[in-house]
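Peer 1: Structure in structure tokens, see below.
The values are calculated or read from the model by the stated rules, or taken from the named source; none is laboratory data. Since this is a predicted model, take the numbers as computed values, not measurements. A quick note on method: Cβ atoms are made from the backbone with ideal geometry, for glycine too, and the neighbour counts reach across all protein chains shown. The accessibility values were calculated without ligands, DNA or RNA, using every heavy atom of the protein model including side chains. Shrake-Rupley method; radii C 1.70, N 1.55, O 1.52, S 1.80 Å.
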Amino acid sequence: RLPLVYSVSWPHRLKLPYKPLDLAEFSTLTFKRADNEKYPCINLAYEAGRAGGTMTAVLNAANEAANEKFRDDIGLGFLDIPKLIEATMEDHKADLKTSNVSLEDILTCDEWARAQVEAKIKEIQSGAQIFA
């Protein structure tokens, strides 16, 4: 719950009744396989990592832009976030650069992905059905 509270209250920090996590208090930690259906952004992150190059910058920028718009409370649903990220990544495949990637390439892709998310949101708000 705490990460969600941080994400929706950003950039502010709410005072919460939780004490800081002390891993030394635990004798063991058990991890389970992530539920990729429940958390679709995990698969998108793996896909971006496998594609490499500029795709990870597009994933990150689309994620940040979609989350920002969700927090702006413009009518975007929480489950629209991964759909916007996925659609933006799909649109980037034609321009994916995987070798000799420069900082300029990363910054250009970051700016493009943010604009792409904004454009897709405007399409949604105008009544277009952009998700399958």
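Peer 1: Counting Lys +1, Arg +1, Asp -1, Glu -1, what net charge surrounds K120 among other residues with beta carbon under 12 Å of its beta carbon?
Peer 2: -2
Peer 1: Now, a different point. Taking a probe of 1.4 Å, how large is the accessible area per residue of the stretch 81-128, in Å²?
Peer 2: Each residue of the stretch 81-128 exposes 61 Å² on average to a 1.4 Å probe.
Peer 1: Next question, about the same structure. Given a Förster radius of 30 Å and the C-beta distance between S27 and E68 as r, what FRET efficiency does 1/(1 + (r/R0)^6) yield to the nearest 0.05? Write down the numbers at each step before the final one.
Peer 2: Details: r = 40 Å, r/R0 = 1.33.
With a Förster radius of 30 Å, E is 0.15.
Peer 1: Further question on the same structure: Could you tell me the accessible area of L21 in Å² (1.4 Å probe, neighbours in place), rounded to the nearest ten?
Peer 2: L21 exposes around 130 Å² with every protein chain in place.
Peer 1: Considering only protein heavy atoms and a 1.4 Å probe, what is the carbon-and-sulfur percentage of the accessible area of the stretch 63-104? Don't jump to the answer; show the numbers that get you there.
Peer 2: Values: 1170 of 2630 Å².
Answer for the stretch 63-104: carbon and sulfur cover 44 percent of the accessible area.
Peer 1: Leaving ligands and nucleic acids out of the surface, order S99, S126, S27, S7 by accessible area at 1.4 Å, largest first.
Peer 2: Descending accessible area places them as S27, S126, S99, S7.
Peer 1: Under a GNM of the chain (C-alpha, springs under 10 Å), which listed residue has the highest mean-square fluctuation: I74, I85, I42?
Peer 2: Of the options given, I74 has the highest mean-square fluctuation.
Peer 1: For the stretch 29-120, which GluC sites (Glu not before Pro) are both in a DSSP coil and crowded by at most 15 other Cβ atoms within 10 Å?
Peer 2: E37
Peer 1: What value, in deg cm²/dmol to 500, does the helix sum -39500 (n - 2.57) over DSSP H runs of n ≥ 4 give at 222 nm once divided by the residues of the chain?
Peer 2: Helix-only estimate at 222 nm: -17500 deg cm²/dmol.
Peer 1: Let me ask something else about it. Based on alpha-carbon atoms only, what is the radius of gyration of the chain relative to the globular estimate 2.2 N^0.38 Å?
Peer 2: Taking the Cα Rg and dividing by 2.2 N^0.38 Å, one obtains 1.23.
Peer 1: Another question, if that's okay. Could you run the Karplus curve 6.51 cos²θ - 1.76 cosθ + 1.60 with θ = phi - 60° over the stretch 76-92 and give me ³J(HN,Hα) per residue in whole Hz, x for Gly and Pro?
Peer 2: 7, x, 4, 6, 6, 4, x, 5, 5, 4, 4, 5, 5, 4, 4, 5, 7
Peer 1: Across the stretch 36-43, in residue order, what do the Karplus-derived ³J(HN,Hα) couplings come to in whole Hz, using 6.51 cos²θ - 1.76 cosθ + 1.60 with θ = phi - 60° and x for Gly and Pro?
Peer 2: So the Karplus estimates, Gly and Pro as x, are 5, 6, 6, 10, x, 5, 4, 5 Hz.
Peer 1: Let me ask you something else. Can you give the longest stretch of the chain with no exposed loop site, where a site means trypsin sites (Lys or Arg not before Pro) in a DSSP loop (not H, G, I, E or B) with at most 10 other C-beta atoms within 10 Å? Walk me through the numbers before you get to the answer.
Peer 2: Working: sites that count: R1, R13, K15, K32, R33, K38.
Longest site-free region, per DSSP loop and neighbour criteria: 39-132.
Peer 1: Calculate I(q)/I(0) for the stretch 88-132 by the Debye formula, one identical point scatterer on each C-alpha and no solvent, and give its log10 at q = 0.17, 0.18, 0.20 Å⁻¹ to two decimals.
Peer 2: -0.56, -0.61, -0.70
Peer 1: Another question, if that's okay. For helix 55-71, what angle does its Cα long axis make with the longest principal axis of the chain, in degrees from 0 to 90 and rounded to 10?
Peer 2: Roughly 70 degrees between the two axes.
Peer 1: In addition: Write down the accessible area per residue of the stretch 1-78 in Å², having rolled a 1.4 Å probe over the full set of protein chains.
Peer 2: Ligands and nucleic acids excluded, the result is 81 Å² per residue.
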